[in-house]
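Step one of this worksheet: look at the structure below.
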Amino acid sequence: MDLRLASATVRPLPWQAHLDGGPSGGTGSLDAASSDSSFDPFAAGSLPDAWARQWAADPGKPTLFDASGSGDPRDSARWITAGELDERSREVARNLASFGFEASSRVLWSAERSVASIVSGLGVLRAGLVLVPVDTAYSERELRHVVSEVRPDAAITTDERLVAILADESARGSHDVTVVDPSGGPASSGGEGGSDVVDGCRPDAPALIGFTSGTTGAPKGAVLSPSQAVLENWNDIGRKLIAMAEDFPDDKYDFKPVPAQRSFAEQLLHVAGSNDLFTAVAKGEKPVDDESRANYKTKAEVVAYLKKSFADGAAVINAKGDAGMAKTVVSAESHETLQLSDLAYGLIEHSGEHYGQLVVYYRVAGLVPPESRPKK
């Protein structure tokens with residue numbers, strides 16, 4: 001599956017100039033014509049409100065692409081527009097509203113990667129419900145643990161194991177769970193149609209419960225605050241890149257798929273240098289350009305620098321908390337004013353872009369990326 005977010009960034013940052021754009025390639029929305037736009041994710045009240053506002057502003061904009069399709073005729077290897085994403089996620093939210101869930105109702109969300117599953121997750125948030133992502137790689141024991149911890153009111157899932165566990169919980173009288181399909185409708189019987197009241201959740205309302213991977217014990221859940229959500233995403237992409245850095249063969253660190261690209265080492269150093277820019281801005285310090293390959297000659301030195309850059313950024317995010325991450329800063333390169341959380345998410349996206357490039361480096365070199373290997 002080739003599931004990609006189109007380049008929909010409307011607040012371009014200097015380091016984004018090299019990223020590919022939407023379906024036509026190039027710098028897409030990062031040209032001068034779009035540089036006057038700005039996106040404050042909290043100005044509309046809540047994140048679902050902000051999404052709806054952005055989708056309505058340019059309904060024809062290509063937003064999500066699924067090269068393989070997802071079984072839904074609407075997803076047959078094409079770009080899904082912002083307007084379609086708005087309409088379909090609103091439909092899910094309305095369907096969920098028909099069940100009479102309260103704002104604090106918890107919805108397990110476990111499905112294979114597809115446009116339909118993304119739409120259903122957006123619909124849960126637009127309905128003002130609490131989204132609980134569940135890893136499809138969880139064992140049956142881990143699934144039972146999550147169900148007992150969360151005590152969900154509903155589940156959107158294509159995982160037959162999870163459906164069976166929920167049915168077992170209901171049969172034993174623990175509690176009943178409404179299982180719905182990815183469209184937000186009932187899995188077995190028709191609904192009556194829902195209210196058209198969506199995107200009405202409070203900005204401070206709980207939105208997501210995240211669980212740990214479970215690799216060192218039972219998965220642990222936590223309701224994420226805004227800064228905790230930033231920190232979790234920061235650490236997650238950091239973990240993936242550090243795993244690559246430690247795994248890739250030492251003698252291939254200067255490998256390039258084509259001469260015009262950065263080497264594997266230079267990709268990692270570029271990510272680390274960009275992370276340092278975020279940390280410096282957050283601490284009110286002058287950024288130092290220290291990502292040259294000449295400064296980090298060995299694999300060990302590159303790995304150490306990458307680890308430090310993610311650790312330093314994580315420490316700043318943790319120390320700032322919700323209030324600090326909501327404050328505005330001035331970008332050291334573009335000199336624009338933006339929220340610190342916005343800058344952090346931009347760097348997380350930036351790291352994700354380079355992670356995707358390094359997956360290609362692995363494949364071209366005849367290797368399998370760590371995340372793609374079977375779990376032991």
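Would you order Asp251, Asp135 from fewest to most other beta-carbon atoms within 10 Å of each residue's own beta-carbon?
Asp251, Asp135
Please identify the trypsin sites (Lys or Arg not before Pro) of segment 110-166 that satisfy two criteria: DSSP loop assignment and at most 14 other Cβ atoms within 10 Å. Which are they?
Arg113
Assuming R0 = 56 Å, what is the FRET efficiency of Arg363 and Ala57, from their Cβ-Cβ distance, to the nearest 0.05?
0.90
Could you check how many percent of all C-alpha pairs in segment 226-369 are farther apart than 28 Å?
19
What ranking do Trp109, Trp79, Trp51 get, fewest neighbouring Cβ atoms within 10 angstrom at the top?
With the sparsest Cβ surroundings first, the list reads Trp79, Trp51, Trp109.
Using a Förster distance of 25 Å, how high is the FRET efficiency between Ala260 and Arg239, based on the Cβ-Cβ distance and rounded to 0.05?
Once rounded, the FRET efficiency stands at 0.30.
If you take the beta carbon distance between Ser292 and Lys327 as r and set R0 to 45 Å, what does 1/(1 + (r/R0)^6) give as a FRET efficiency, to the nearest 0.05?
Approximately 0.90, to the nearest 0.05.
Values quoted throughout were computed directly from the atomic coordinates according to the rules given, and no laboratory measurement underlies them. Quantities reported herein were computed from a predicted structural model and do not represent experimental measurements. Positions of Cβ are backbone-derived with ideal geometry, glycine not excepted, and every protein chain shown enters the neighbour counts.
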